[in-house]
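In what follows, a single structure is set out as structure tokens and then discussed.
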Amino acid sequence: MNTLSKNLKAMLSDTPLIKNLENPEYLKIIFDGKSSLKERFAEIEVQLVLEELSKLQHDSEKVFPKIKKIIKKPEL
């Protein structure tokens, strides 16, 4: 599968997330009292994100060889 095809599939799978931004109740939950996503994202603790990313990278090294083979298949 080529890159364009993968990108299109990823975009299509993300469509519901974008559609949620049209739902006032969803925005109320996401914004948590803020007036915009910008304000909400400003609350994110950068250090916490970096620590979590570091954990994920470390944990990803624990993927079993059979799973790695499956992940590398071009049709995925």
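The values are calculated or read from the model by the stated rules, or taken from the named source; none is laboratory data. These numbers were taken from a predicted model, which means no experiment stands behind them. Backbone-built Cβ (ideal geometry, glycine too); neighbour counts: all protein chains shown.
A single entry from Leu27, Leu76, Leu8 fulfils the requirement of being assigned to a helix (DSSP H, G or I) and modelled with pLDDT under 75: Leu8.
Among the conditions (1) in contact with an Asp or Glu (Cβ under 9 Å, 6 or more places away or on another chain); (2) modelled with pLDDT of 85 or more; (3) not acidic (Asp, Glu), Lys38 misses just one, which is (1).
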